[in-house]
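Undergrad: Here it is, the structure in full.
The values are calculated or read from the model by the stated rules, or taken from the named source; none is laboratory data. Values in this document were obtained by computation on a predicted structure and should not be read as measured data. Note: ideal-geometry Cβ built from the backbone for every residue, glycine included; neighbour counts use all protein chains shown. For accessibility, only protein heavy atoms count, side chains too; no ligands or nucleic acids. Shrake-Rupley method; radii C 1.70, N 1.55, O 1.52, S 1.80 Å.
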Amino acid sequence: MKRVLVIYYTQTGQQREILDRLLSPLAADPGVELTYHRITPAVDYPFPWDGHTFFDAFPESFLQLPCELAPVDDAILQQDYDLVVLGYQVWYLSPSIPFNSFLKSEAADRLLRGKPVITVINCRNMWVMAQEKVKRLLHAIGANHVGNIARVDRHLNHVSVITIVHWMMTGRKDAYLGLFPKPGVSDKDIAESNKFGIPILAHLKRNDYSSLQVELLELGAVMIRPVLVFTDKRANTLFAKWAKLIRSKGSPGAKARRPWLKAFNYYLLFAIWVLAPIVSLLFLILHLPFLSFIKKETRYYKSVHFKMPR
Ligand SMILES: Cc1cc2nc3c(=O)[nH]c(=O)nc-3n(C[C@H](O)[C@H](O)[C@H](O)COP(=O)(O)O)c2cc1C
């Protein structure tokens, strides 16, 4: 019997839907036992969000400061798993607070050290730098990162900004004003996620994951848009300054943070609607001489290799 542990967080249920579909070939195999653990913060984050709480999650998301979590069941901690699948979402270009908190916990150390680990990302579209942060934590734990699948909203960047705000603030994954496309990962992409479960099952049975990521990539597990990577990197530099500044005013909920969170809210609107188009234009103009560098970088971000940043 092969034992697979699936650890995930979700607010809207999208992450769980993707995992269920993706792992359906494993669930259908009598030789595989799947165990799910939903990461549960001691005080969970609200869904739908309200404007203030949404921005109040920014400093701790970006600075990767953990929150308290409900303990993992002893039965899970005592089991020896053959493979661990981690499902997470991106908050502010970083792993979400619940998922980051799990990776920094003793339970993660116990469950992931020396184990083959597959990451499954679900987000709007900007996940590459968040995944570098996750790779770094997995590397620190001593996990063996063997696969990565990223499911995103494929619509235009600015369209997905509008539709995700509608989803996050109302709790409804439906067409905003009846005009916009549905937010989040499309029903088609969720439904087709089972194709990735087939090579995962084969590698699990062989207990050899050396070519798993190459096979997942052939099936379209990861799509990299270099312009989004370029924006992600620039935004990380600016977010670092904002996060430190707001955190210096107090902890989550502190009154002294409110005016700074409001300022960050306006800054973010400016960044998305004014700066990001300029950055995209700059990228379009400047990228040609850097084509071979961009290709090399794209190959790296598609892979599960980890290069420690200098
Ligand atoms: C506070 C917050 C910040 C977010 N930041 C990002 C982001 O930086 N990049 C991105 O692609 N998606 C971002 N998202 C979208 C989430 O990844 C999205 O909520 C998630 O895919 C929903 O699935 P879940 O309910 O299973 O977590 C953010 C969402 C929230 C709530």
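Undergrad: For Val72, indicate whether it is more than 16 Å from the ligand (Cβ to nearest atom), over 21 Å from His145 (Cα atoms), aliphatic (A, V, I, L, M) and not in a strand (DSSP E or B).
TA: Numbers: more than 16 Å from the ligand (Cβ to nearest atom): yes; over 21 Å from His145 (Cα atoms): yes; aliphatic (A, V, I, L, M): yes; not in a strand (DSSP E or B): yes.
When the stated conditions are applied, Val72 passes them.
Undergrad: So, in the range 220-242, how many residues would count as being touching a strand residue (DSSP E or B) at 6+ places or on another chain (Cβ under 9 Å) and open to solvent by 50 Å² or more (accessible area, probe 1.4 Å)?
TA: Qualifying residue count, the range 220-242: 1.
Undergrad: Can you tell me how many residues in the range 163-181 are within 14 Å of the ligand (Cβ to nearest atom), over 14 Å from Cys123 (Cα atoms) and of a type outside the set (S, T, N, Q)?
TA: Summing the residues that are within 14 Å of the ligand (Cβ to nearest atom), over 14 Å from Cys123 (Cα atoms) and of a type outside the set (S, T, N, Q) in the range 163-181 gives 4.
Undergrad: Would you check if Leu245 is open to solvent by 40 Å² or more (accessible area, probe 1.4 Å), at pLDDT below 95, outside the structural domain of Pro46 (by TED's automatic domain parsing) and farther than 17 Å from Val90 by Cβ?
TA: Values: open to solvent by 40 Å² or more (accessible area, probe 1.4 Å): yes; at pLDDT below 95: no; outside the structural domain of Pro46 (by TED's automatic domain parsing): yes; farther than 17 Å from Val90 by Cβ: yes.
In short, no.
Undergrad: Could you please find all residues in the range 38-69 being open to solvent by 50 Å² or more (accessible area, probe 1.4 Å), assigned to a helix (DSSP H, G or I) and under 18 Å from Leu93 (Cα atoms)? Lay out the reasoning, then the answer.
TA: Restricting attention to the range 38-69, the residues satisfying the condition of being open to solvent by 50 Å² or more (accessible area, probe 1.4 Å) are 38, 40, 42-45, 47-48, 50, 52, 54, 63, 65-66, 68.
Restricting the remaining residues to those that are assigned to a helix (DSSP H, G or I) gives 52, 54.
Listed by number, the list holds a single entry, Phe54.
Undergrad: Would you check which residues across the range 136-160 are within 10 Å of the ligand (Cβ to nearest atom) and at pLDDT below 95 and list them? Before the answer, list the steps.
TA: From the range 136-160, those within 10 Å of the ligand (Cβ to nearest atom) are 150-153, 157, 160; that's our starting set.
Matches in the range 136-160: Asn157 only.
Undergrad: Still on this structure, please answer the following. Could you tell me which numbered condition Gly250 fails, if it satisfies all but one of (1) farther than 19 Å from Arg234 by Cβ; (2) open to solvent by 90 Å² or more (accessible area, probe 1.4 Å); (3) not in a helix (DSSP H, G or I)?
TA: (2)
Undergrad: Just give me the residues in the range 65-121 being in contact with a Cys (Cβ under 9 Å, 6 or more places away or on another chain) and of a type in the set (A, V, I, L, M, F, W, C), in sequence order.
TA: Val90, Trp91, Ile97
Undergrad: Looking at Ala130, is it crowded, with 22+ Cβ neighbours inside 10 Å, part of a helix (DSSP H, G or I) and within 15 Å of the chain's Cα centre (by Cα)? Before you say what the answer is, go through the steps one by one.
TA: Values: crowded, with 22+ Cβ neighbours inside 10 Å: yes; part of a helix (DSSP H, G or I): yes; within 15 Å of the chain's Cα centre (by Cα): yes.
Yes; evaluated as a whole, the condition is true for this residue.
Undergrad: Let me ask something additional. Could you please give the count of residues in the range 38-65 that are more than 15 Å from the ligand (Cβ to nearest atom) and of a type in the set (Lys, Arg)?
TA: 0
Undergrad: List the residue pairs whose Cβ atoms are under 8 Å apart, where the first residue sits in the range 230-253 and is over 30 Å from Leu288 (Cβ atoms), the second is part of a helix (DSSP H, G or I) and of a type in the set (Gly, Ala, Ser), and the two are 6 or more positions apart or on different chains.
TA: Every condition considered, the pairs that remain are Lys249/Ala256; Gly250/Ala256.
Undergrad: Conditions first: (1) without any contact (Cβ under 8 Å) to a residue 60 or more places away in the chain; (2) touching a helix residue (DSSP H, G or I) at 6+ places or on another chain (Cβ under 7 Å); (3) in a loop (DSSP other than H, G, I, E, B). Asp29 passes all but one, so which condition is the exception?
TA: The number of the failed condition is (1).
Undergrad: If you don't mind, there's one more thing I want to ask. Which residues, counting only those in the range 1-37, are open to solvent by 30 Å² or more (accessible area, probe 1.4 Å), within 16 Å of the ligand (Cβ to nearest atom) and either under 19 Å from Pro199 (Cβ atoms) or out of contact with any Ser or Thr (no Cβ under 7 Å at 6 or more places or on another chain) (or both)?
TA: Correct list: Gln11, Thr12, Glu17, Asp20, Arg21, Tyr36.
Undergrad: Ok, one more. Where residues in the range 89-101 are within 8 Å of the ligand (Cβ to nearest atom) and within 14 Å of Tyr8 (Cα to Cα), which of them is least open to solvent (accessible area, probe 1.4 Å)?
TA: Within the range 89-101, the match that is least open to solvent (accessible area, probe 1.4 Å) is Ser96.
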